[in-house]
1. Tell me the net charge near A:GLU15. Cut-off is 12 Å between Cβ atoms, A:GLU15 excluded, with +1 for each Lys or Arg and -1 for each Asp or Glu.
2. Considering the convex hull of the alpha carbon atoms of the protein assembly as shown, report its projected area averaged over all viewing directions, in nm², one decimal.
3. Scaled to the compact-protein estimate 2.2 N^0.38 Å, what is the alpha-carbon radius of gyration of region A:53-115, rounded to two decimal places?
4. Check which residues have an amide H placed less than 5 Å from A:LYS102's amide H, if you skip close sequence neighbours.
5. Under a Cβ-only charge scheme (Lys and Arg +1, Asp and Glu -1), can you give me the dipole magnitude of the protein assembly as shown about the Cα centre, in debye to the nearest 20?
6. Residue by residue through region A:41-53, which ³J(HN,Hα) values in whole Hz follow from phi under the Karplus form 6.51 cos²θ - 1.76 cosθ + 1.60 (θ = phi - 60°), with glycine and proline marked x?
7. Determine the distance separating the Cα centre of region A:1-42 from the Cα centre of region A:90-106; give it in Å without decimals.
8. Anything over 20 Å Cα to Cα? Flag those among B:LYS57/B:LYS83; A:LYS38/A:LYS70; A:LYS3/A:LYS70; A:LYS16/A:LYS73; A:LYS3/A:LYS114; A:LYS102/B:LYS57, in the order listed.
Amino acid sequence: AQKITQTQPGMFVQEKEAVTLDCTYDTSDPSYGLFWYKQPSSGEMIFLIYQGSYDQQNATEGRYSLNFQKARKSANLVISASQLGDSAMYFCAMREGENTGKLIFGQGTTLQVKP
Amino acid sequence: DGGITQSPKYLFRKEGQNVTLSCEQNLNHDAMYWYRQDPGQGLRLIYYSQIVNDFQKGDIAEGYSVSREKKESFPLTVTSAQKNPTAFYLCASARPGLAGSNEQFFGPGTRLTVL
């Protein structure tokens with residue numbers, strides 16, 4: 001069965017430093033997609049970055065990058081130059097198959113950025 | 001502005017009552033999804049719909065029902081059969097069937113409390 005694991009319930013980072021949020025996944029499907037979402041205290045889910053299973057290069061979006069290690073089945077999110085506004089809950093998710101668009105979510109990691 | 005709206009933002013219900021949560025999108029997306037989020041947890045899929053007049057059960061469909069009579073609308077009814085309905089409910093939409101970074105767009109959520 002497909003599964004997403006985020007082993008860090010909470011993380012702290014100093015403002016302006018980089019932080020890595022871990023995500024491992026399990027699937028037997030050769031084609032899949034990995035997503036990261038940010039959830040501030042207001043509750044909305046904000047899409048950050050996407051990595052496809054066949055993508056040769058790691059995805060980057062501004063201060064966000066995804067460290068994709070396919071053999072290890074990991075898709076860690078790296079946030080560079082942390083800002084106070086980065087304090088939120090972060091979810092890793094995997095798209096199940098190609099047609100339904102269904103997402104399986106991890107348990108999330110709460111990130112707190114210290115001034 | 002294109003987006004997803006959910007109403008109401010907060011909802012209180014007495015035990016034994018059915019209640020319907022609204023979800024509307026003007027993104028012209030075919031697929032829509034309902035998720036449940038419990039405190040400190042990830043999102044779990046309740047129901048999803050890939051096309052008008054068709055929907056499928058997700059991982060935790062028991063005690064819930066949906067309809068998809070219009071492309072723009074995907075209301076969720078929490079029935080009295082749902083044993084523990086107090087949670088945060090998120091609606092999302094996406095264009096399905098495309099390989100690639102086809103992310104889901106989320107609404108602001110409805111926080112349901114059973115009194």
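1. Cβ neighbours under 12 Å give a net charge of 0.
2. Seen from a random direction, the Cα hull of the protein assembly as shown projects 12.7 nm² on average.
3. 1.28
4. Here the answer is A:GLU96, since their amide H atoms fall under 5 Å of that of A:LYS102.
5. 380 debye
6. 3J(HN,Hα) across region A:41-53, in whole Hz: 4, 5, x, 6, 9, 10, 5, 10, 7, 10, 9, x, 5.
7. That distance is 12 Å.
8. A:LYS38/A:LYS70; A:LYS16/A:LYS73; A:LYS3/A:LYS114
Any read-out appearing in this document is the output of simple, stated calculations on the displayed coordinates, not a laboratory observation. Everything numeric in this text was worked out from a predicted model, so none of it was measured. Cβ sites come from the backbone with ideal geometry, for glycine too, and all protein chains shown count toward neighbours.
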